[in-house]
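Every read-out reported here was derived from the displayed coordinates using simple, explicitly stated rules and does not represent laboratory data. Here the structure is a predicted model, which means the values were calculated and not measured. Here Cβ is always computed from backbone atoms with ideal geometry, including for glycine, and neighbour counts include all displayed protein chains.
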Amino acid sequence: MINSTHSCQAQQHLSLCIYFDDERDDWILQFNHEVTAENLENYPHLETIGDIIAIGILTIQYCPYCGERLNNKKVTPDYQHVVLSHW
């Protein structure tokens, strides 16, 4: 469950969010890979520009954009990549 989010000037225009996940007890950087016009040309099963086709989830201790420390505990590195375009 998401209770808090982090937002800074450096990340405002990127397709990502930084949030605290209560279930994992960690700060998460989630970035979304969205469909582009080029994707539509190359992959006919995709439908709309802007649809999310993949999600990357990374456990973080600091914001990679502004450097703010988000987590005071030692973070165990964890990365997940979820591809949504194959269903």
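Couple of notes before you dig in:
- GNM result for the chain, Cα springs below 10 Å: residue of Asn32, Asn71, Asn42 fluctuating most strongly: Asn42
- Total charge dipole magnitude, the stretch 2-83, about the Cα centre, Cβ charges on Lys, Arg, Asp, Glu only, Debye to nearest 20: 440
- Exposure proxy ranking for Ser4, Ser85, based on other Cβ atoms within 10 angstrom of each Cβ and starting from the fewest, stands as Ser4, Ser85.
- Glu41 versus Ile55: modelled label distance in nm, points set 7 Å from Cα along the beta carbon direction: 3.0
- Mean projection area, nm², convex hull over Cα of the stretch 2-83: 6.2
- Overall form of the stretch 24-66 per C-alpha gyration tensor (a/c, 1.5; a/b vs b/c): prolate
- Length available on full extension from Asp22 to Thr5: 0.36 nm per residue minus the Cα-Cα distance, which gives 5.0 nm.
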